Amino acid sequence: MNVSFEQLKSMVVFAQVVEQGTLSAAAKQLGLSRAVVSYHIKKLESHLGLKLLNRSTRTISQTDAGKEYFQHCKIISTQASTANQHMENLKQEPIGLIKITCPVNIGLQVIVPALSQFRNLYPKIELDVRLSDKVENIIKEGFDLAIRGAPLIDSSLQATKLSTLETCLCASPEYLSKHSKPSHPTELNQHQWVIYNQSSNTLEISKGSRSYSIQIKGSIQTNNASARTAFVEGGHGLAKIPIYDAKEKIANGTLVQVLDDYKMKPIHVYGVFPPGNANAKKLRLLIDFLKRYFANHVR
């Protein structure tokens, strides 16, 4: 089947809709109207003779065909973006300082390795990386970019979503040997928790159409995600942990996943920056690079 130029455009639009999560967000990212984005999706589905997205008033989800098709569209979109980036770099090599603030755990595990690769690509860009679980005033402190795991609150700033990270419930083998392993969400309030006080003490968990809201409590709390995981490994209770943080420890046997057939709210990771920095070439390069890094390296 031949692919027309118009279909290539629609494939890129479809990839953005899936990555951004809504038609409106994809429209904003692409600089199009929501109606134009919707038109491209409908035209693509009509051309393929397959439904790619299930759409409701507020949410979208991929069909099985959509999930498979997205993988191909994503490659095309990424390759086109990479080609444009390389051409832009031929015009002028980016230089200058980027000052970044980032939470400690995701910083050490994801952002620092990503920045190391970024620096190899752009050796004339200088980096000043501050790892802190404190939510900094990025304008007052002069940061160019903040990595945050919550939606934008300050309307004087701009934000772009870098990734969506899945989470899982975990405990140590030692803890589960002393306490019965929960088999249903209603049993969770009988357990001790390691409280991460940067997030809510209400756990939302669901399976199919059933959802549960659990008030968690425990005798240990911390504002540091790495410390939370260490306390869980030490046998002090349950915690919700990002899968990127937990998967190696689960494989090594220091953590055990609990209620793995249930879903919890994911963590949306944002890049937040002052509006005056939005068109800075070095910042655009970094944000685009981080999006690709999350997509390719963080599962």
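For residue 178, list the lysines whose Cα falls under 30 Å from its own Cα; do not include residues on the same chain fewer than 8 positions away.
Cross-link targets: 207, 217, 240, 247, 249, 263, 265.
Given +1 on the Cβ of Lys and Arg, -1 on the Cβ of Asp and Glu, and no further charges, what dipole in debye does the stretch 102-153 carry about its Cα centre, rounded to the nearest 20?
60 debye
Going by C-beta contacts inside 10 Å, put 264, 11 in order with the fewest on the left.
Going from least to most buried by this count: 264, 11.
Just to be sure I understand the curve: with the Debye formula and one point per C-alpha of the stretch 1-45, what is log10 I(q)/I(0) at q = 0.13, 0.16, 0.18 Å⁻¹?
So the normalised log intensities are -0.23, -0.35, -0.44.
So what does the Cα-only Debye profile of the stretch 165-210 read at q = 0.21 Å⁻¹, as log10 I(q)/I(0), no solvent term?
Treating every Cα as an identical point scatterer, log10 I(q)/I(0) equals -0.92.
Per-residue ellipticity at 222 nm for the chain, helices alone: DSSP H runs ≥ 4 residues times -39500 (n - 2.57), over residue total, nearest 500 deg cm²/dmol?
Calculated from helices alone, the mean residue ellipticity at 222 nm is -12500 deg cm²/dmol.
Rounded to the nearest angstrom and ordered from largest down, what semi-axes does the equivalent ellipsoid of the stretch 5-89 get from its C-alpha gyration tensor (root of 5λ)?
That gives 21, 15, 12 Å for the three semi-axes.
Which distance in Å, rounded to a whole number, links the C-alpha centroids of the stretch 25-44 and the stretch 161-240?
When both Cα centres are located, 38 Å separates them.
Which net charge results when you count Lys and Arg as +1 and Asp and Glu as -1 among the other residues whose beta-carbon is under 12 Å from that of residue 7?
My count for the surroundings of residue 7 gives 0.
With all pairs of different alpha carbon atoms counted, what Kirkwood hydrodynamic radius in Å does the stretch 167-265 show?
13.3 Å
Nearest 10 degrees, 0 to 90: what angle lies between the long axis of helix 281-297 and the longest principal axis of the chain (Cα atoms)?
The helix 281-297 is inclined about 50 degrees to the chain.
Where both partners of a DSSP beta bridge lie in the stretch 106-233, what percent of those bridges are antiparallel, to the nearest 5?
That works out to approximately 65 percent antiparallel.
Quote the charge dipole size of the chain about the Cα centre in Debye, to the nearest 20; the model charges only the Cβ of Lys and Arg (+1) and of Asp and Glu (-1).
My answer is approximately 540 debye.
Report, in debye and to the nearest 20, how large the dipole of the stretch 5-89 comes out about its Cα centre when Lys and Arg carry +1 and Asp and Glu carry -1 on their Cβ.
With Lys and Arg at +1 and Asp and Glu at -1, about 340 debye.
Over its Cα atoms, what ratio of radius of gyration to 2.2 N^0.38 Å does the stretch 190-247 give?
1.14
Which one is right for this structure if volume of the Cα convex hull per residue in Å³ is calculated from it: [x] 128; [y] 143; [z] 158?
From the options [x] 128; [y] 143; [z] 158, the structure gives [z].
Once the principal axes of the Cα atoms of the stretch 131-206 are found, what is the range along each, listed largest first in whole angstroms?
Result for the stretch 131-206: principal-axis Cα extents of 49, 25, 19 Å.
Among 165, 225, 109, flag the residue with its Cα farthest along the positive direction of the charge dipole of the chain, charges on Cβ as +1 for Lys/Arg and -1 for Asp/Glu.
Comparing the listed Cα positions along the dipole, 165 ranks first.
Only the coordinates and a few stated rules stand behind these numbers; no lab work does. Computed from a predicted structure; not experimentally measured. Don't worry about glycine lacking a Cβ; one is built from the backbone with ideal geometry, like all the others, and counts go over all protein chains shown.
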